[in-house]
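Worksheet: the structure to be examined is printed underneath.
The values are calculated or read from the model by the stated rules, or taken from the named source; none is laboratory data. None of the values given here were measured: they were computed from a predicted structure. Ideal geometry is used to build each Cβ from the backbone, glycine not excepted, and the neighbour counts take in all protein chains shown. Accessible surface is based on the protein model in full, side chains and every heavy atom, while ligands, DNA and RNA are left aside. Shrake-Rupley method; radii C 1.70, N 1.55, O 1.52, S 1.80 Å.
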Amino acid sequence: MWLSTFQNLAQKIDPGSWTEKTGHDIVGLPHQICGNDCGVFMLMYTLCIVTGVGFDFEEMDMSSIRKWWCLILMERFKIEGHGQRFAFWTDEARSLLQGTLQPVYRVPRQKAISEKVPAHIEAVNVRTAEEKKLVDFIVKLQGSEEHLVGVLNGKPSKWLRKVTSSRVPVYLDSEEQQDILFSYLRGLLDRIPTQLSVKDEVQFICGVLFPEAIINALAVLRDISLQEAEQVFLSGPNYHCSEVEDFNRQIDKQLRKEGRPFNWWVLLVTFTQIRRQ
């Protein structure tokens with residue numbers, strides 16, 4: 001729906017041939033981690049692309065960037081006459097506009113943000129780096145290709161018996177790394193003759209080649225047995241307690257806004273189920 005809307009809008013602005021790109025096609029594009037910063041990320045993407053200054057911001061900068069955008073709105077539309085819109089920040093904003101208080105985002109980045117990264121953001125960064133290392137081993141180094149070719153040529157695989165299941169185990173938390181691995185496995189399936197009858201290519205890739213590739217890579221990179229690697233895979237991503245706490249805080253805020261009761265135990269279970277589906 002959104003894609004067709006944008007395509008129609010583009011044709012009205014400038015009829016002709018357009019080249020469509022996604023965030024994966026843009027080098028250095030910062031990726032959103034939390035679920036509350038979509039609008040701010042879109043504003044910053046647009047600003048950086050239009051001005052050509054480069055994507056010099058990260059998730060941890062969002063608090064400062066939000067204030068910076070508020071400051072820009074105040075400078076353009078003034079504080080007076082907005083009632084309660086900026087009431088919580090009026091005194092600080094007036095000082096910023098008068099030049100008696102240091103702005104939050106117009107100084108160099110290393111001074112504008114805290115040196116201490118929030119624990120839940122650091123946990124995500126560590127897991128993302130580990131997942132990238134795992135996928136790079138499979139895709140760039142082709143470290144699991146011999147094993148995968150063996151499976152395609154009839155090597156026994158327990159996942160073949162489960163390929164018709166609608167639930168596919170997920171180990172990679174990063175959608176970007178999932179896409180990279182899926183593209184590689186689809187290419188492998190296209191170029192390697194197989195003795196197997198593949199009725200649903202997508203289901204076969206996700207249900208058989210995905211776990212085989214990841215388990216084999218985990219065994220090599222962690223120097224553990226295939227059985228141990230399989231248990232790591234089935235356990236799914238390891239989430240830091242700070243991530244669970246941050247998730248619960250966000251849900252608590254939403255429930256309070258809706259006037260609904262909050263249950264920490266239910267939220268903990270819900271977090272685990274959502275992230276591992």
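Multiply the residue separation of LEU73 and ARG186 by 0.36 nm, subtract the distance between their alpha-carbon atoms, and state the gained length in nm to one decimal. Write out the running numbers ahead of the final one.
Working: separation 113, 0.36 × 113 = 40.68 nm, distance 4.75 nm.
Additional length available on full extension: 35.9 nm.
Express in % the proportion of alpha carbon pairs of the stretch 15-75 at distances exceeding 17 Å.
Roughly 45 percent, once rounded to a whole number.
Relative to the present Cα-Cα distance, how much length would full extension add between ARG66 and ALA119 at 0.36 nm per residue of separation?
Values: separation 53, 0.36 × 53 = 19.08 nm, distance 2.05 nm.
Between ARG66 and ALA119, full extension yields an extra 17.0 nm.
Beyond a 29 Å Cα-Cα separation, which of these cross-linked pairs lie in this structure: LYS12/LYS257; LYS12/LYS253; LYS67/LYS132; LYS132/LYS158?
Numbers: LYS12/LYS257 40 Å; LYS12/LYS253 41 Å; LYS67/LYS132 33 Å; LYS132/LYS158 26 Å.
Among LYS12/LYS257; LYS12/LYS253; LYS67/LYS132; LYS132/LYS158, the Cα-Cα distance tops 29 Å for LYS12/LYS257; LYS12/LYS253; LYS67/LYS132.
What ranking do 45-58, 230-243, 138-151 get when scored by the average of other Cβ atoms within 10 Å per residue, highest first? Write out the running numbers ahead of the final one.
Values: 45-58: 12.6, 230-243: 15.1, 138-151: 17.1.
Averaged packing, sorted descending, gives the order 138-151, 230-243, 45-58.
From the Cα gyration tensor of the stretch 181-253, with a ≥ b ≥ c the square roots of its eigenvalues, which class applies: rounded if a/c is under 1.5, or else prolate if a/b is larger than b/c, or else oblate?
On the way: a/c = 3.27, a/b = 1.74, b/c = 1.88.
Verdict is oblate for the stretch 181-253.
Where in the stretch 4-34 does the label zone of ASP136 land, with the point 7 angstrom along Cα→C-beta and an amide N cut-off under 19 Å?
24-31
Label 7 Å along Cα→Cβ of PHE55; the stretch 2-27 residues with amide nitrogen under 15 Å?
Zone members listed by number: 21-27.
Taking the Cβ of ILE138 as the centre, find all other residues whose Cβ is under 12 Å away and add up their charges (Lys, Arg: +1; Asp, Glu: -1). Could the numbers behind the result be given before it?
On the way: positive: LYS132, LYS133, LYS140; negative: GLU131, ASP136, GLU145, GLU146, GLU212.
Net of charged neighbours comes to -2.
Output ³J(HN,Hα) for the stretch 177-183: one whole-Hz value per residue in order, computed from phi by the Karplus curve 6.51 cos²θ - 1.76 cosθ + 1.60 with θ = phi - 60°, and x for Gly and Pro.
Each residue of the stretch 177-183 in turn: 5, 4, 5, 4, 5, 4, 4 Hz.
Taking all protein chains together and a probe of 1.4 Å, list GLU212, GLU122 from the most accessible to the least accessible. Could you put the intermediate results ahead of the total?
Values: GLU212 20, GLU122 85 Å².
Result of the area sort, largest leading: GLU122, GLU212.
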